[in-house]
Amino acid sequence: MVTRRPARRRPAPRRNIRRPAPRRRSARSRRQRQRDAQVMVGVGVGALAVAALWALVSWLLVNWWILIVLGAVAVTAGAGWIHRRQQQLAWGRVRQQALRYGLPELDALHHRDFEYAVRDLMLRDGCADARQIGGAGDNGADVLATDPLGRTWVIQCKHRKDGDRGSAVGTPDLQRVNGTARQLYGADIVLVVTNGRFSARCPPLATQLHMHLADRRTLATWASGSRPLWELLPRIPAPRSGHR
């Protein structure tokens, strides 16, 4: 007789019991609460501003005479400012008309200040729109101006701290400004002015290119006197139509 062994019972499989994760505050809900708080603060500030404005308007309606006083004060202040501004402009015109430079004064200038001095002399002679534009990317032009006869001037300024003892202005300087003055700025008159001297090749080239040169002697006459530059230079183009 064969004896059977009792069958082994397999252990029941373990169940993975997941514990509930702790609740976390949603960052999105926090941002929403912050926005709601900001909205409430904004609404409150707006309501206070409206209330203050309404109170001010109501007070002014009762005390309407204050508006008349404030209006009179504003008109008086505006008239005073206009009068002072007119006086400043008038004195500026007087100073421009009396502007004079001597050669030692021009020699002592920095090259940028020399450009401003040329601009101021053009202003003195009636070029109301004269402006200094020299600097990086100026394409050879340092001063632009329109004279009272309607002609557009493009001026290149060449300053020499040693005056006529310094290096001479050469033809490359003329070629540089001539290549851009008429195409970019619509120049009627292209001028190179210096407190020094020009090389011997500059006058023939200037004549060929229909340019004008103002050397140290011409500059001295112009800066120390009262005659405009177009009365000192030869072969100046005729005035534009309507400016005769």
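Structural remarks
- Residue-level analysis places Gly179 outside the set of residues that are surrounded by fewer than 19 Cβ atoms within 10 Å (Cβ to Cβ) and closer than 16 Å to Leu121 by Cα.
- Residue within the range 159-173 that is buried (at least 18 other Cβ atoms within 10 Å of the Cβ), within 15 Å of Leu121 (Cβ to Cβ) and under 28 Å from the mean Cα position of the chain (by Cα) present: yes
- From the options Arg227, Arg216, residue that is out of contact with any strand residue (DSSP E or B) (no Cβ under 6 Å at 6 or more places or on another chain), in contact (Cβ under 8 Å) with a residue 60 or more places away in the chain and not hydrophobic (A, V, I, L, M, F, W, C): Arg216
- Test: Arg84 is more than 30 Å from Gly135 (Cα to Cα), modelled with pLDDT under 85 and of a type outside the set (A, V, I, L, M, F, W, C): yes
- Against the conditions (1) part of a helix (DSSP H, G or I); (2) at pLDDT below 60; (3) over 30 Å from Trp222 (Cβ atoms), Leu67 satisfies every one except (2).
- Filter result for Pro104 (open to solvent by 40 Å² or more (accessible area, probe 1.4 Å), outside any helix (DSSP H, G or I) and modelled with pLDDT of 85 or more): no
- Considered as a group, the residues in the range 214-228 that are assigned to a loop (DSSP other than H, G, I, E, B) and open to solvent by 30 Å² or more (accessible area, probe 1.4 Å) include one that is modelled with the lowest pLDDT, and that residue is Ser226.
- Residues in the range 176-213 that are among the aromatic types (Phe, Trp, Tyr) and without any contact (Cβ under 8 Å) to a residue 40 or more places away in the chain: Phe198 only.
The values are calculated or read from the model by the stated rules, or taken from the named source; none is laboratory data. Because the structure is a prediction, the values reported are computed rather than measured. Cβ atoms come from the backbone with ideal geometry, glycine included; neighbour counts cover every protein chain shown. These accessible areas exclude ligands, DNA and RNA; they are computed on the full protein's heavy atoms, side chains included. Shrake-Rupley method; radii C 1.70, N 1.55, O 1.52, S 1.80 Å.
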